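The values are calculated or read from the model by the stated rules, or taken from the named source; none is laboratory data. Not measured: the values here are computed from a predicted model. Ideal geometry is used to build each Cβ from the backbone, glycine not excepted, and the neighbour counts take in all protein chains shown. Note: accessible area is taken over every heavy atom of the protein model, side chains too, but ligands, DNA and RNA are not part of it. Shrake-Rupley method; radii C 1.70, N 1.55, O 1.52, S 1.80 Å.
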Amino acid sequence: MGAVGLAVAGGIAFPASASAAYLRTATPTAAARPLAGPSGIKVKGAALANAATGKVLWSLGLNTERPIGSIVKVMTALMVIQAGGLNREITVPKSVIAYLKSQDQPSTAGLHVGDRLTALELLEALMLPSGCDAAYTLALAYGPGTGTFIAMMNAEAQRLGLTQTYFSTFDGMPWPTEHSTWSTPANLITLGRYAMRYQVFRTIVGQEWYSLPAGDGHHAYLWQNTDPLIGTYYGATGIKTGDTKAAGNCLLFEATRDGLTLIGVTLGTPGDDITVTGPVATKVLNWGFTWY
């Protein structure tokens, strides 16, 4: 993975290619073309946009705030990538056990306490299996401290113009309540577009799986991507699932076909498993590629 060129504004690093003009125009705007949109889907909120321009092609509840589950981890990953030092070794802390026990059925990467992993390896554990243990470990190390890290996340959200987004956690788990972290389809499109500008982020979220052999200081791991589009939908490139009781099944996704890149989000898809977001996102993307 190549190094990411960074510029600094307001004390925060961002891709050198992400100009001030890009940040000003990153908030999606409604499409002028009046189309009915994809049919046969049930979601509480959604949007589909041209990833290059941010122009929204279709939406439902574009600016309605909703819980987003583990899509929060997109911002968690961004904070780590921007801070750099991805080769630094971080020890999985013993306190992660108590943290996971305090949550209601958190998704994990199965990290072993005491294992030493690089920040880059922990990003794999964060984004592919949606590891709350990896999120905790990274937030603790990069804050330093989880409270400081969450404050950094909210500061970055404001810098990016995500005025209808708030993070109370680093992993999307429902603390202190199910509705204490929220965003909107419009804000998530902006966040997704920004995150996908980082090559290291794109590489991670575009994988079906990641295998880490046992090494000096850590066990062997195999992490599968929870994104149901990766490896099944032609042109899919990422990016993140989310699932809590309040949020329902959520998916922030991107795909490229014939030179056109579309980015979309679906929130609150009903069902018992995150895989239900796959057919819904497929219908949304197929509609987009058909019309645009």
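HN-Hα J couplings of the range 111-124 from phi, Karplus 6.51/-1.76/1.60, θ = phi - 60°, integer Hz, Gly and Pro as x?
My calculation for the range 111-124 gives 5, 9, 4, x, 5, 9, 10, 6, 4, 5, 5, 5, 5, 4 Hz in order.
May I ask you to give the solvent-accessible area per residue for the range 157-242, in square angstrom, as obtained with a 1.4 angstrom probe?
Here the per-residue accessible area is 39 Å².
How large are Rg and Dmax for the range 191-292 when calculated on the C-alpha trace, in angstrom?
14.9, 52
Quick one: divide the alpha-carbon radius of gyration of the range 54-160 by 2.2 N^0.38 Å and tell me what you get.
1.15
Can you pull the Kirkwood radius for the range 98-151, inverse mean 1/r over Cα pairs, to one decimal in Å?
11.3 Å
Using alpha carbon centroids, what distance separates the range 193-270 and the range 44-117, in Å?
When both Cα centres are located, 11 Å separates them.
Place the peptides 37-47, 263-273, 94-104 in order of packing, highest mean first, counting for every residue the other Cβ atoms within 10 Å and averaging per peptide.
263-273, 37-47, 94-104
Can you tell me which lysines have their Cα less than 26 Å from the Cα of Lys55? Leave out same-chain residues fewer than eight positions away.
Lys42, Lys44, Lys73, Lys240, Lys283
Any idea of the accessible area per residue across the range 249-292, 1.4 Å probe, to the nearest Å²?
Computed with neighbouring chains in place, this is 37 Å² per residue.
Quick one: divide the alpha-carbon radius of gyration of the range 199-243 by 2.2 N^0.38 Å and tell me what you get.
Normalised Rg, Cα atoms only: 1.33.
Given all pairs of different Cα atoms, what value in angstroms does the Kirkwood hydrodynamic radius of the range 119-270 take?
16.3 Å
Taking a cut-off of 20 Å between Cα atoms, list the aspartates and glutamates near Lys101, but don't count ones fewer than 8 places away on the same chain.
Within the straight-line limit of under 20 Å, Lys101 reaches these aspartates and glutamates: Asp115, Asp133, Asp171, Glu178, Asp243.
Two decimals is fine: what is log10 I(q)/I(0) at q = 0.10, 0.12, 0.15 Å⁻¹ for the chain, from a Debye sum with one equal scatterer on every Cα and no solvent?
-0.48, -0.70, -1.13
What is the percent carbon and sulfur in the accessible area of the range 153-292, measuring with a 1.4 Å probe over the protein chains and ignoring ligands?
54 percent
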